[in-house]
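Everything on this sheet refers to the single structure shown next.
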Amino acid sequence: MADQAIYLDIAAYLRELVAASEPGDLLPSDAELCERFNVSRMTARQAVQLLVNEHLVERRRGKGTFVAPRRVPRSLGSPLSFTESMRQRGLNASSRSLEMRDAIGTEDDVKALGLSQGAPVFVIERVRVADDVPMAIERAVLSKDLADAIDADLEKESLHGAFEAAGRRPSKANAEIAARLATDYELEHLELVPTAVVLVEERTIFDQDGVALEHTITVYAADRYSFTSVLVPHEDGQ
């Protein structure tokens, strides 16, 4: 019982340090916690693991325990652009281009965009970055006609801003989300540790007239995001 109480005391102490620190700050080592609280290394590790499970800290092998990146809230299905979403939270948004090319739309792409089978599309794949931290890999597909109508540097500018400049305002989105283990490709570009979990959001964004603008699959680093949604009861009370 005494060990359990000390374990909770250590966890509470670490939470106070996290609250007063910035993401990436180094926290006391296991040895320092053992000395401060006069406990075994196992007890110290149990306390640290509790905060790891709460996504408040992260361990880096051979380097120590660090304050984890703050999770960025995102509304599920929001048409708000990544750039605008980060700006509202005081973060500097940027992108690293992975691929920009003409292609033939997949079955899912053309269905989402309301195009005919085999229609030409334009594919944009980017790593979305906030304050130099890779947050997500985004694959956006739009019709070739729409791609030809926009003029923007998509490594520096918002795709949604380009839509608006062309008179097409993103106004609604339908979305589905699922969790899975990251692939090697995603581990590399999102700078994740092996066995990391990602959240995959598939959504279609529509303009002010209800016409599809883009079909997007976005892979989010799960420990850097929290998703929210607004649930509205049906009129029949169900």
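A short reminder: the numbers here are calculations on the coordinates, not readings from a lab. Bear in mind that the values here come from a model prediction, so they are computed numbers and not experimental data. Don't worry about glycine lacking a Cβ; one is built from the backbone with ideal geometry, like all the others, and counts go over all protein chains shown.
Working ranking of peptides 45-58, 6-19, 94-107 by packing, defined as the average number of other Cβ atoms within 10 Å per residue, highest first, is 45-58, 6-19, 94-107. In the range 2-67, inverting the average of 1/r over every pair of distinct C-alpha atoms gives 11.7 Å as the Kirkwood radius. In summary, the aspartates and glutamates within cross-link reach of residue 111, defined as a Cα separation below 20 angstrom excluding same-chain residues under 8 places away, comprise 102, 125, 138, 145, 176, 201, 202, 207, 209, 214. Among the trypsin sites (Lys or Arg not before Pro) in the range 141-214, those placed in a DSSP loop whose Cβ has at most 14 other Cβ atoms within 10 Å are 156.
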